[in-house]
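Comments concern the structure below.
The values are calculated or read from the model by the stated rules, or taken from the named source; none is laboratory data. All figures in this text were calculated on a predicted structure; none of them were measured in a lab. Glycine gets a Cβ as well: all are built from the backbone with ideal geometry, and neighbour counts include every protein chain shown.
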Protein chains: 2
Amino acid sequence: MRVSNLMLTTLRNVPAEAEITSHKLLLRGGFIRRVTSGIYAYMPMMWKVLEKITKIVQEEMNAKGCLQTLLPQIHPADLWKESGRWEGYTAGEGIMFNLKDRQEKELGLAPTHEEVITKIAGESINSYKQLPVNLYQIQTKFRDEIRPRFGLMRSREFIMKDAYSFHQNKSDLKLTYKEMDDAYRKIFRRCGLETVAVDADSGAIGGSASQEFMVTAEAGEDMILISSDGLYSANQEKAVSRYSDPIISGFNKAEVITTPNQNSIEELCRTQSFDPSQIIKVIVMLAILEEGIKQPILVSIRGDQELNIVKLTNSISKHLDKLVIDIFPITEEQLSIEGLDQLPFGSIAPDLENTFLSNAKSWEKEFLRFADLTVSELKNFVCGANKKDHHRIGMNWDLIGGLPKEIDIRKANPGERCIHDEKQILNECRGIEVGHIFQLGCKYSKSLNATFTNQEGNQEPFWMGCYGIGVSRLAQAAVEQNNDENGIIWPLTIAPYEVIITVANIEDINQKALGEKLYKQLKKEKVDVLFDDRKERAGVKFKDADLIGIPWRIVVGRDSVSEEVELFERCTNSIKSLKAEKALQELIKEINLKKS
Amino acid sequence: MRVSNLMLTTLRNVPAEAEITSHKLLLRGGFIRRVTSGIYAYMPMMWKVLEKITKIVQEEMNAKGCLQTLLPQIHPADLWKESGRWEGYTAGEGIMFNLKDRQEKELGLAPTHEEVITKIAGESINSYKQLPVNLYQIQTKFRDEIRPRFGLMRSREFIMKDAYSFHQNKSDLKLTYKEMDDAYRKIFRRCGLETVAVDADSGAIGGSASQEFMVTAEAGEDMILISSDGLYSANQEKAVSRYSDPIISGFNKAEVITTPNQNSIEELCRTQSFDPSQIIKVIVMLAILEEGIKQPILVSIRGDQELNIVKLTNSISKHLDKLVIDIFPITEEQLSIEGLDQLPFGSIAPDLENTFLSNAKSWEKEFLRFADLTVSELKNFVCGANKKDHHRIGMNWDLIGGLPKEIDIRKANPGERCIHDEKQILNECRGIEVGHIFQLGCKYSKSLNATFTNQEGNQEPFWMGCYGIGVSRLAQAAVEQNNDENGIIWPLTIAPYEVIITVANIEDINQKALGEKLYKQLKKEKVDVLFDDRKERAGVKFKDADLIGIPWRIVVGRDSVSEEVELFERCTNSIKSLKAEKALQELIKEINLKKS
């Protein structure tokens, strides 16, 4: 491709809308253009990147026997109501764009395809003989993000590869899950990315186990915790760790003390010389569940620990078998609106009585109580007295009505010791999620009544897995991981072009002729080559080539009289002067090496 | 691919929802599945067909120097308001799905991309030096069809290739338009389709010239008129022809006659012994224009001719420079609602006075009057007297206030003589539109203020063209054109698989071994081969292979002991018994021949 035909328009200045490096570089290089909030056009060079990623994804999916399909983007609401996700995805979190057609039928724009594919599998697959099957598609998906940002990282339209597998039992599902893990590692490696696979929360998709693939990058939205030996890695949302032992409490007599203005753990410790690990912190929250249920929650956790809201949300969901649409701490204002007396904030204890809720207008009238693992074996602890400016010391669970339901709801942090080996420490890094694989189990096949005939001749729901890759996000993550002050440094396998021939002065007959000759030869060798034939100054062309990040550059300049060129490698900034023939040979060798 | 891994589920019965052959066969073969009205999932074999068509389209577009992109599917309403199409596409015809996001911003789901691409071109292209440029994409588009039907023929989600070209002048646009015509002919020929290129109406897209590409098939929704010599072909919506001479009227004296109960041309002719060609028929219509304007229209046309509503709509639009959102004949009921006196239906003349409209509540108060070319030179004609049960005879235009604006608004019909050569007769055939190319001119660049700097350093709006191919529709049109009572007969180049190896009895060791051997060899030769390894009766396998339409079949049966197989060609139903090696050679030769 000749640059003169490429509609190349690069920007010297950083567009105001961009916050992170990759977003800035993609805009400056003319790879993407914003059409409206969170919605971008992929311009010709970006399309080539996406096409190369797509091809790698297809090859690795096909190698595992997956079948490509294309499912609709507009979904009937009925199907999502059947699975129970319509409300949460529309009125609730509002992540699904939705509309009515000319017949006033409710429709949604698909952010994901469990419903549609499960329905189709139920209708198409009759017998266990047709299993397992793994169907995938590569397609634009939609999410009405609350705060679209970072370009393609959190956009409202984005390209996904999503796959859905169907099995006759759990062990078959696990085999495919492992195969997908393998395919994903190959895909990311072939794309030239450094990724890490981490234990993850399954979120709104659901299921029993899930794993995310993260491109490591400082601008990543996710915090990852990795053990020093590399055997454990998890998204902080999901991560577990050993917590420190509490400082033994000396209060072996139960009594109530006055604690004026000591409403935080910090104030209490400072004034009373307690250690935070001796205190039970109680957090009161309200969870909005599906069907509009408003459930007050009472969480007990050790004073030196932080609550992990994702773990808590999952626990509530699992315990009540209801979707949590929203969750937040209860405020004084909310209590007033609900017609309730004020709670003794700062002095609430795990045994706060349900009678506090008796007059609630719309809330449930009993607290759902949870205790984090950090408090279950605590002895002689400090806790609130359910009365403003009063606390209790020397308490034990039997004195306050027993231990509530024990669950892990604490946030694991960098520096803590690992569960699998106490000698290992958790280290942190930041990551961009580019893949996520799930063992769904029978969640969707049961709710949508999708069954097959098993070996015994009985109807049984499918076991399912699902597997996503954010294709457009991956493209930007590659830029976030590979750039310098001059611009993008595309990994060779997903670069829009592998080589750029830069003719320093296109009006010089020798330079032009040698450039054209090399261009022709490289095309013949099936190298994906760009030929900068513009009548621009050499400096402008070099700057553009650096910015758009083409891995290799052949500079045809003054020495072209003696058939000599410069071979420049973008990722190392190394330059060699070589005879043109030799440069071609070396280049083709290097390219084939990197692609294999 | 092994059939046992293909999730193949064929249906013996014709699904009730399908009306035309291709729709029935695609459902029966398991190629597509309906998800909701007008919305289909493309299953694995269909995806392969679409992929092959896509590749052919890409190759031919790239060969013309076009650049592939991917534009958003969600468009901000503002952009469509700027071009003036929002109202017509939403509230008007309602063809564009539309919704509001969480910020209550109006959005539309793209049925076409003139607005978005024009905006981007205006922002990205600075100079004439960057022109011409032709950007294309292959993408799912949306139309909220009034009556979705015929499977992928008129669906609400469909795959399109759409291209948009930008030029510095009209002659450059014409060059590219011609190049696209050439590319389209190559694409359809390579897809194995018989198509005809016809003059077409530009519809809601607009512009000065346009041409459709039609797959000829009896189930086609469009009527095409083609001259015997093939030099002229047009969609009936657009077609022109020579009209017959009128029978000379003998009434050379103007007078009013009473014509009780002779309200139709037919009754009038029967009772009065007139010939229809001597009569001026007047049709009163109401056009709903953008901005809610309601314009009464008075159309005069010869009594033996039919009105072409598409031509009329375009004429109104052009004349008033306003979009026509709807148009229909005025009824007695509408006159009552509007508070107007009844019109003398059956006796209306071209000179019906505007005073009829004086008391209109919301309509414009003057008729827009048109006369078809068939009436402009008519002499001594018969027309209404604007009074119930009265007509005038021996009339001439000077007696009734002169000829209204002359335009061509008559429908051309099969059997009529051609304009380019009166010896040529128009023949009819039916077609399925699979491609449409347009010379848009400056319509969108002007309304969206998209300009470039010309050679003189001045800002000028782009000249534009646009070029569409209905990719999913093409796939179904191929089936409509290529099938028999046993099923589909895919053209080789777009068939889901080129060859199917059918092992008659998979439990027979010899048969299985030979089948596996051939499968391996064909894969090695890069033939796209399907291996029917199912434990089914041979008859079932043959029926399935016929239904899904694989062009070639190798049958491995009893003679496999002596390495003998049958080679079956789907499109000719010819069978040859051959040594396996020989069959392979012949097959590979035939496939390469058809693909070249």
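So how many residues does segment B:397-445 have that are over 30 Å from B:Asp229 (Cβ atoms) and crowded, with 16+ Cβ neighbours inside 10 Å?
Within segment B:397-445, residues that are over 30 Å from B:Asp229 (Cβ atoms) and crowded, with 16+ Cβ neighbours inside 10 Å number 10.
Condition first: within 8 Å of chain B (Cβ to nearest Cβ) and acidic (Asp, Glu). Now tell me which residues in segment A:105-151 satisfy that.
Within segment A:105-151, A:Glu123, A:Asp144 qualify.
Mind checking which residues of segment B:1-52 are part of a loop (DSSP other than H, G, I, E, B), farther than 22 Å from A:Thr118 by Cβ, among the aliphatic types (A, V, I, L, M) and in contact (Cβ under 8 Å) with a residue 24 or more places away in the chain?
If the condition is that a residue be part of a loop (DSSP other than H, G, I, E, B), farther than 22 Å from A:Thr118 by Cβ, among the aliphatic types (A, V, I, L, M) and in contact (Cβ under 8 Å) with a residue 24 or more places away in the chain, then B:Met1, B:Ala18, B:Ile20 are the ones that fit.
Identify all residues within segment A:61-92 that are within 22 Å of the chain's Cα centre (by Cα) and facing chain B (nearest Cβ under 10 Å); write none if there are none.
A:Gln73 - this is the single residue of segment A:61-92 that is within 22 Å of the chain's Cα centre (by Cα) and facing chain B (nearest Cβ under 10 Å).
Filter segment B:495-547 down to residues that are crowded, with 17+ Cβ neighbours inside 10 Å and among the basic types (Lys, Arg) and give me whichever is nearest to B:Gly30 (Cα to Cα).
B:Lys541
Restricting segment A:33-60 to residues that are hydroxyl-bearing (Ser, Thr, Tyr), out of contact with any helix residue (DSSP H, G or I) (no Cβ under 7 Å at 6 or more places or on another chain) and surrounded by fewer than 21 Cβ atoms within 10 Å (Cβ to Cβ), which is farthest from the other protein chains (Cβ to nearest Cβ)? So that I can check it myself, show each step before the final result.
Kept after step one, since they are hydroxyl-bearing (Ser, Thr, Tyr), are these residues of segment A:33-60: A:36-37, A:40, A:42, A:54.
Checking the rest, the ones that are also out of contact with any helix residue (DSSP H, G or I) (no Cβ under 7 Å at 6 or more places or on another chain) come to A:36-37, A:40.
Then drop every residue that is not surrounded by fewer than 21 Cβ atoms within 10 Å (Cβ to Cβ), which leaves A:36-37.
On the way: A:Thr36: 4, A:Ser37: 8 Å.
Here the residue is A:Ser37.
Looking at A:Ser347 and the list (1) under 38 Å from the mean Cα position of the chain (by Cα); (2) more than 26 Å from A:Glu255 (Cβ to Cβ); (3) of a type in the set (S, T, N, Q); (4) part of a loop (DSSP other than H, G, I, E, B), which single condition is not satisfied?
Against the list (1) under 38 Å from the mean Cα position of the chain (by Cα); (2) more than 26 Å from A:Glu255 (Cβ to Cβ); (3) of a type in the set (S, T, N, Q); (4) part of a loop (DSSP other than H, G, I, E, B), A:Ser347 comes up short only on (2).
Report whether or not B:Ile226 is closer than 17 Å to B:Ile280 by Cα and in a strand (DSSP E or B).
It is false that B:Ile226 is closer than 17 Å to B:Ile280 by Cα and in a strand (DSSP E or B).
Determine, yes or no, whether A:Ser22 is more than 21 Å from the chain's Cα centre (by Cα), away from chain B (no Cβ under 11 Å) and of a type in the set (Ser, Thr, Tyr).
no
Of all residues in segment B:536-567, which are under 20 Å from B:Lys523 (Cβ atoms) and either of a type in the set (Phe, Trp, Tyr) or assigned by TED's automatic domain parsing to the domain that holds B:Leu26 (or both)?
B:Trp552
Run down A:Glu306, A:Glu333 and say which single residue is within 22 Å of A:Ser249 (Cα to Cα) and either touching a residue at least 40 places away in the same chain (Cβ under 8 Å) or of a type in the set (Asp, Glu) (or both).
Unique residue meeting the criteria: A:Glu306.
Taking only pairs six or more apart or across chains, which ones have beta-carbon atoms under 6 Å, a first residue in segment A:350-362 that is touching a residue at least 40 places away in the same chain (Cβ under 8 Å), and a second residue that is among the polar types (S, T, N, Q) and surrounded by 16 or more Cβ atoms within 10 Å (Cβ to Cβ)?
A:Pro350/A:Ser300; A:Leu352/A:Asn386
For segment B:170-186, state whether one or more residues are part of a loop (DSSP other than H, G, I, E, B), acidic (Asp, Glu) and surrounded by 16 or more Cβ atoms within 10 Å (Cβ to Cβ).
No; the residues of segment B:170-186 include none that is part of a loop (DSSP other than H, G, I, E, B), acidic (Asp, Glu) and surrounded by 16 or more Cβ atoms within 10 Å (Cβ to Cβ).
Output yes when any residue across segment B:157-166 is within 14 Å of chain A (Cβ to nearest Cβ), touching a strand residue (DSSP E or B) at 6+ places or on another chain (Cβ under 6 Å), farther than 19 Å from A:Ala41 by Cβ and modelled with pLDDT under 95, and no when none is.
no
Let me confirm something: among B:Gly30, B:Gly84, B:Gly65, which residue is small (Gly, Ala, Ser), more than 23 Å from A:Ser155 (Cβ to Cβ) and surrounded by 19 or more Cβ atoms within 10 Å (Cβ to Cβ)?
B:Gly30
With the requirement that a residue be over 17 Å from B:Arg369 (Cβ atoms), of a type in the set (S, T, N, Q) and touching a strand residue (DSSP E or B) at 6+ places or on another chain (Cβ under 8 Å), what does segment B:309-337 give you?
Result: B:Gln334, single match.
So for segment B:511-531 (the condition being polar (S, T, N, Q), modelled with pLDDT of 95 or more and farther than 30 Å from B:Glu51 by Cα), does at least one residue qualify?
Scanning segment B:511-531 turns up at least one residue that is polar (S, T, N, Q), modelled with pLDDT of 95 or more and farther than 30 Å from B:Glu51 by Cα.
Hey, can you tell me all the residues within segment A:391-421 that are in contact with a helix residue (DSSP H, G or I) (Cβ under 7 Å, 6 or more places away or on another chain), of a type outside the set (Val, Ile, Thr) and in a loop (DSSP other than H, G, I, E, B)?
The answer is A:Leu403, A:Asp408.
Conditions: (1) in contact with a helix residue (DSSP H, G or I) (Cβ under 6 Å, 6 or more places away or on another chain); (2) modelled with pLDDT of 95 or more. B:Val299 meets all but one. Number of the miss?
Answer for B:Val299: the failing condition is (1).
In segment B:187-217, which residues are touching a helix residue (DSSP H, G or I) at 6+ places or on another chain (Cβ under 6 Å) and part of a helix (DSSP H, G or I)?
Matches in segment B:187-217: B:Ile187, B:Arg190.
Would you be able to tell me the number of residues in segment B:247-304 that are touching a Phe, Trp or Tyr at 6+ places or on another chain (Cβ under 7 Å) and in a helix (DSSP H, G or I)?
Qualifying residue count for the region: 2.
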